[in-house]
Structure formats: structure tokens, C-alpha cells
1. Once amide H atoms are built 1.01 Å from N in the peptide plane, which residues 5 or more positions from residue 11, or in another chain, come under 5 Å H to H?
2. If I ignore ligands, DNA and RNA and count only protein heavy atoms, how much of residue 128 is accessible to a 1.4 Å probe, in Å² to the nearest 10?
3. For segment 95-169, compute Rh as the Kirkwood radius over C-alpha pairs and then the Stokes-Einstein diffusion coefficient at 20 °C and 1.002 mPa s; write the answer in µm²/s, rounded to an integer.
4. For residue 154 and residue 140 in one chain, what is 0.36 nm times their gap in residues minus the Cα-Cα distance, to one decimal in nm?
5. For segment 4-68, with all protein chains present and a 1.4 Å probe, just round the carbon and sulfur fraction of the accessible area to a whole percent.
6. Between residue 121 and residue 69, what FRET efficiency comes out of the Förster formula 1/(1 + (r/R0)^6) with R0 = 25 Å and r the beta carbon distance, rounded to 0.05?
7. At R0 = 25 Å, how high is the FRET efficiency between residue 147 and residue 83 if r is their beta carbon distance? Nearest 0.05 is fine.
8. Please name whichever of 147, 123, 160 sits farthest to the positive end of the charge dipole of segment 91-168, dipole taken about the Cα centre and charges placed at Cβ: Lys and Arg +1, Asp and Glu -1.
Amino acid sequence: MRLPPDEFLGLTANGWIAVGTVALALATFLLVAVAWYQLVAIRDENKRSRTLAVCERYDTDPVLDICLRNLSQGWRTRDIHYNPRKYRIDAATLLNYIESVFNGVDEGVYDEYLVFSFFEETTNLHITDYLTSDLREKMDIGPDEFSHIIKMCEKWKNNPPKKRIGLCARLRSKLPSPFKKAKGSMPSPTGV
């Protein structure tokens, strides 16, 4: 049986144009999906990088280092109990830094789980030392000046943040891994 000259594999020229258009639309959709996935992954990675950078400042910032050294010296010599106003600026600088990080968490600039894992114990220690003890009044730190820090710590105490698994990680976890053993597979002869 011979096909008419204007058909190829059973489709006319208009049919092949339709097939090409559908293939092009699918390829475009696939490219858009991959681009979206990459943008989300980049955004998540940038957020984690910003969070780690701001948390690292606690250990590397020269101003915070001086404040922490001064406060530590005051605690070691117990001078902070006798001359608390002398340490007010250092304590306020430290608490301002922590509050700025917590504000970044609330605004979505920083990853809450990373900040929590880095600051939980440290922040509780500083709250006990400078915000809930009798030193707060002696240092002339107002009760509402750093209320955001206290609220964030109470929130974490009642409901600690969970590690956020981004969309990209969830999608990767759904993909089959060549390193996972298949269910019902035979054990290796070496026992490994």
C-alpha cells in the first residue's frame, strides 16, 4: 500500500507541525521547571550562607569580641556586681547584635533552625545574665528594650524550630538513589 505523497508516517505536514509544537511546549515546560528548581535552591543556599555569616560574627567581630572580653572580665573579677553601669554599653551591644539576628529570622532573612542551633544556649545564658537578673535594673536596661529576644527564646522553649527541609532536598529524597539497596535484594556474599 502506497501512502499519498503529502503524508509521512501517517501524518500530514500540519500533523507534524502539531507534533513539533507539542514537543517544543514540553521542552519549554521542562526548562522552566529546571530553572525554577535552580532558583529555589540558590535562594535557600544564599539564606543559609547569610545565616552562617551572621552567626559567625559572634566569634569573629572585633567589637563583639571586645564586649565579650569586658563582660567576661567583669564576671571573673565580680566587678560587674559592684559596678554594673560600667558594663552597660558592652551588654547592650551584645544584646543589640542578638536582637538584630532575631529580627532577621522574623523577616525571613536568616534560617531560624540554624540561628536556633547556634544561639540557643548562648542566648539563654545572656538572657539570664543581663535581662532577667537584678543586673538589668542596675545596668539601667529597660524591661522592654530587648523584649524581642525574650519572646524568641520563649517561643523556642515552647516550640523549638525543626530543621527545614527545602523543596529541593525533598525532591532529591524522592529520587531513586543508586546507592540504596533495593527491597528484597540478595545480601552480598561478603556480608557487607
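1. It is none; the list stays empty.
2. Spelled out: residue 128, probe radius 1.4 Å, area about 80 Å².
3. Values: Rh = 13.2 Å.
Approximately 163 µm²/s, per Stokes-Einstein.
4. Working: separation 14, 0.36 × 14 = 5.04 nm, distance 2.30 nm.
Answer, rounded to one decimal: 2.7 nm.
5. Working: 3500 of 4840 Å².
C and S fraction of accessible area: 72 percent.
6. On the way: r = 19 Å, r/R0 = 0.78.
Computed FRET efficiency for residue 69 and residue 121 comes out at 0.80.
7. Efficiency, from the Cβ-Cβ distance: 0.45.
8. Value computed over the given set: 160.
The values are calculated or read from the model by the stated rules, or taken from the named source; none is laboratory data. Just so you know, these numbers come straight off a predicted model, no measurement behind them. Ideal geometry is used to build each Cβ from the backbone, glycine not excepted, and the neighbour counts take in all protein chains shown. These area figures cover heavy atoms from the full protein model, side chains too; ligands, DNA and RNA do not enter into them. Shrake-Rupley method; radii C 1.70, N 1.55, O 1.52, S 1.80 Å.
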